[in-house]
Amino acid sequence: MMENSVMMRDPRKSNYYYEESIKTLRTNIQFSSKQVKTILLTSCYPNEGKSDVAFSLAMEMGKLGQKVLLIDADIRKSTFINKYRVNEAVNGLSQYLSGQVELQDIIYHTNFQNMDMIFAGPTAPNPSELLGDADFTELLRQKRDDYAYIFIDTPPAASLIDATVVAKNCDAGILVIESEAISYKAAQKVKTQIERSGCHLIGAVLNKVDMKKGRYYNSYKGYYKK
Ligand SMILES: Nc1ncnc2c1ncn2[C@@H]1O[C@H](COP(=O)(O)OP(=O)(O)OP(=O)(O)O)[C@@H](O)[C@H]1O
Ligand SMILES: [Mg+2]
């Protein structure tokens, strides 16, 4: 079988606190139950930093020798391609879910240790419908045994249904919350929405904390387990 591979660049500026926080999150995930394999990442609103957290987490997990798959399920706007400066033409999730290509055509080995990637693919007119397709469930079912963890990056959950649709197929969820930007009520609402899909939230990441304010030692807080 032909295997695809792709070259990605890490776009993040190095930040000690950020990296340490991601490592803490990684450790907490490793100590969650064995059944936690497919992990959704979302937030209430755009731009809170979920794609960065998803990528960082996948990368750090891979470094530990755990095989990971990162899925960009934001098929409304496929940022990974530009952000990670992928030069090759790649097939993505939207093409697989609409029956244009096979599952093996969308999985790419990356230049990051133990990390495979599924890109979003071209923007589709009906993203939530595609994500709700049985083929998405099938993808996760088939790939489950090949990876230690599958991280799924989604669009913001407060105004779009996509993350909630994806949540139906996930074992666990992590809610990224931009510091001082999100009300308790909004976060609570999205939490309930995700949990109603049968995906339990194993953690929340308080992101973009202003370290100069010195109120938090760490930008990662409030991880909780059921
Ligand atoms: N901890 C952080 N501190 C400062 N800036 C950050 C942090 N995390 C992410 N950013 C910046 O915020 C922007 C949004 O990040 P990212 O794309 O990860 O968010 P997102 O929640 O996935 O957005 P979208 O809803 O559009 O998918 C980027 O410019 C990123 O560099
Ligand atoms: Mg994103």
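The values are calculated or read from the model by the stated rules, or taken from the named source; none is laboratory data. Because the structure is a prediction, the values reported are computed rather than measured. Note that each Cβ is placed from the backbone with ideal geometry, even for glycine, and that neighbours are counted across all protein chains shown. Calculation scope for accessible area: heavy atoms of the full protein, side chains included, ligands and nucleic acids excluded. Shrake-Rupley method; radii C 1.70, N 1.55, O 1.52, S 1.80 Å.
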Next item on the list: For segment 109-135, enumerate the residues that are in contact with a Leu (Cβ under 6 Å, 6 or more places away or on another chain), touching a residue at least 40 places away in the same chain (Cβ under 8 Å) and farther than 19 Å from L69 by Cα.
Entry: A124, L130
Check: Among F112, F119, which is at pLDDT 95 or above, farther than 27 Å from G198 by Cα and touching a helix residue (DSSP H, G or I) at 6+ places or on another chain (Cβ under 6 Å)?
Finding: F112
Item checked: Filtered residues of segment 43-55 (kept if more than 9 Å from ligand 2 (Cβ to nearest atom) and either among the charged types (D, E, K, R) or under 8 Å from the mean Cα position of the chain (by Cα) (or both)) -> V53, F55
Next item on the list: Having 3 or more residues that are at positive phi and hydrophobic (A, V, I, L, M, F, W, C) is the bar; report the helices (runs of 4 or more DSSP H) wholly within segment 99-170 that clear it.
Entry: none
Notebook entry, point to check: How many of the residues in segment 171-182 are open to solvent by less than 10 Å² (accessible area, probe 1.4 Å) and part of a loop (DSSP other than H, G, I, E, B)?
Noted result: 0
Notebook entry, point to check: What pairs can you find where one residue is in segment 38-61 and touching a residue at least 12 places away in the same chain (Cβ under 8 Å) and more than 15 Å from I22 (Cα to Cα), the other is in a helix (DSSP H, G or I) and near ligand 1 (Cβ under 8 Å from one of its atoms), and their Cβ atoms are less than 8 Å apart, with a gap of 6+ or different chains?
Noted result: T42/K50; S43/K50
Next item on the list: Being more than 16 Å from ligand 1 (Cβ to nearest atom) and either open to solvent by 60 Å² or more (accessible area, probe 1.4 Å) or among the aliphatic types (A, V, I, L, M) (or both) is the filter here, so list the residues in segment 136-154 that pass it.
Entry: T137, L139, L140, R141, Q142, R144, D145, D146, A148, I150
Next item on the list: Consider only pairs whose beta carbons are under 9 Å apart and that are at least six residues apart or on different chains; among these, list those whose first residue lies in segment 155-167 and is closer than 10 Å to R76 by Cβ and open to solvent by 20 Å² or more (accessible area, probe 1.4 Å) and whose second residue is assigned to a loop (DSSP other than H, G, I, E, B) and within 11 Å of ligand 1 (Cβ to nearest atom).
Entry: L160/R76; L160/T154
Next item on the list: Consider only pairs whose beta carbons are under 8 Å apart and that are at least six residues apart or on different chains; among these, list those whose first residue lies in segment 79-98 and is closer than 12 Å to A120 by Cα and whose second residue is open to solvent by 80 Å² or more (accessible area, probe 1.4 Å) and within 16 Å of ligand 1 (Cβ to nearest atom).
Entry: S94/T123
Notebook entry, point to check: Any idea how many residues of segment 11-42 are within 16 Å of ligand 2 (Cβ to nearest atom) and of a type in the set (D, E)?
Noted result: 0
Check: Restricted to segment 183-218, and to residues that are in a loop (DSSP other than H, G, I, E, B) and of a type in the set (S, T, Y), which residue is farthest from ligand 1 (Cβ to nearest atom)?
Finding: S197
